[in-house]
1. Output the residues belonging to the range 25-44 that are in contact with a strand residue (DSSP E or B) (Cβ under 6 Å, 6 or more places away or on another chain) and either hydroxyl-bearing (Ser, Thr, Tyr) or assigned to a helix (DSSP H, G or I) (or both).
2. Any idea which of (1) touching a residue at least 24 places away in the same chain (Cβ under 8 Å); (2) surrounded by fewer than 21 Cβ atoms within 10 Å (Cβ to Cβ) is the one Asp43 doesn't satisfy?
3. List every residue pair whose Cβ atoms sit under 6 Å apart, with the two residues 6 or more apart in sequence or on different chains, where the first one lies in the range 141-169 and is modelled with pLDDT of 95 or more and the second, anywhere, is of a type outside the set (A, V, I, L, M) and open to solvent by 30 Å² or more (accessible area, probe 1.4 Å).
4. Just the residues that are out of contact with any strand residue (DSSP E or B) (no Cβ under 6 Å at 6 or more places or on another chain) and over 15 Å from Asp272 (Cα atoms), please, taken from the range 157-172.
5. Residues that are of a type in the set (Gly, Ala, Ser): list the strands (runs of 3 or more DSSP E) wholly contained in the range 78-194 that include at least 2 such residues.
6. If I ask for residues that are surrounded by fewer than 17 Cβ atoms within 10 Å (Cβ to Cβ), over 14 Å from the mean Cα position of the chain (by Cα) and touching a residue at least 40 places away in the same chain (Cβ under 8 Å), which ones from the range 56-80 would you list?
7. Looking at (1) open to solvent by 10 Å² or more (accessible area, probe 1.4 Å); (2) over 23 Å from Gln98 (Cβ atoms); (3) among the charged types (D, E, K, R), can you tell me which one Asp152 breaks?
8. Kindly evaluate Ala154 against the criterion of being of a type outside the set (Phe, Trp, Tyr), within 17 Å of Pro28 (Cα to Cα) and in contact with an Asp or Glu (Cβ under 7 Å, 6 or more places away or on another chain).
Amino acid sequence: MYAKLLIATATTVVLGAVGAAFSQTVGPQGESATPSSSITVSDEMAESLRAGGYTAALLWHDQSDFVNAVTSGASDEFARLGIEVVATANAAFDVAKQRNDIETALAKEPDIILSLPLDPVSSAAAFAPAREAGVKLVFLSNLPQDFAHPADYAAIVTDDLFQMGKQAADALADAIGGEGEVGWIFHDANYYVTNQRDNSFKSTIENDYPNISITSEQGISDPARAEDIANAMMLKNPGLDGIYVTWAGPAEGVLAVLRANGNTTTKIVTLDLSEPIALDMVKGGNVAAIVADEAYELGRAMAAVGARALAGAESPPFVVAPAITVTADNISAGWMQSLHRDAPESVLEAAN
């Protein structure tokens, strides 16, 4: 999902040092987070918007199940409000292509653009023509340099990254009975999304679970090295009760190592939905839980922010969508809540 993001804009507050705790996800200028559930379009406002003949463009950073779910949430909300989507694009993490996507979309004169800026500096130049044309800009996670709210953009919408890490810690603690030794495989790169989630996990374990110790820590920058890292971790700490893995791709490698060594007791918790990880979980394997974002809700909230801006209603600058803990018990509902589609057939069949 977010794992390829290169640019950091928001931060998570850390209070103090030893014994301190993460507080919450905050915006790039320290803005407090507003729950996405509070960003709505009233019936009266919706009626006015439907009469306006407005249009929108969805200019994404990449193509994935996550992006598809965000698109679905935004498209459904726009359809409800009578706002036509006239352009969609996938920049494939290419800054130059994103700029071209914006220029191409502007030729269709959209009233709203939803997008994830790839780079603060280049994105500032790329989105400047849209800003100057009066287009209502709503950003996913990242922010162009020197853009100010509400003059230059309507809002940033992102995950509650602190809650994703915290829920992962809570789920792993529950899976190992609230005590024991765990490993922490974090993303060893300056990536906004994964850094906040990983550190929130660690902070929660250290501050909320005195009977659980993180006895092994290892960074990973290349997901292909997950098996090597897991082998080394288990060799040094064969009695680990659980392992946190930064996202589902590397977690698949960790799971492969545990299986190859006949380890059926070490529990895994990771972030972002994955068919192989979910399949192991519903079969009662090593995977205890997966924490995911509500991608569909991200899209709905982004569309609502843009629509509200057209109607002259200002939204808070920093909006976050909830996290959800998916287990074997709620796999079907959890998948639907996150991605707004059914879980893979193999997972549903195993769950039944």
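1. Across the range 25-44, the qualifying residues are Thr25, Thr34, Ser36.
2. Looking at each condition in turn, Asp43 falls short on (1).
3. The qualifying pairs are His149/Pro317; Pro150/Glu314; Asp152/Arg131; Ala154/Lys136; Ala155/Pro317; Gln167/Thr325.
4. Hit for the range 157-172 is Asp170, nothing else.
5. In the range 78-194, the matching strands (runs of 3 or more DSSP E) lie at 84-90, 180-187.
6. Residue satisfying the conditions is Asp76 alone.
7. With respect to (1) open to solvent by 10 Å² or more (accessible area, probe 1.4 Å); (2) over 23 Å from Gln98 (Cβ atoms); (3) among the charged types (D, E, K, R), Asp152 is out only on (2).
8. So Ala154 fails the test.
The values are calculated or read from the model by the stated rules, or taken from the named source; none is laboratory data. Since the structure is predicted, the reported quantities are computational estimates derived from the model, not experimental observations. Reconstructed Cβ throughout: ideal geometry from the backbone, glycine too, with neighbour counts over all protein chains shown. For the accessible areas, the whole protein counts, side chains as well, though only heavy atoms, and no ligand, DNA or RNA atoms are used. Shrake-Rupley method; radii C 1.70, N 1.55, O 1.52, S 1.80 Å.
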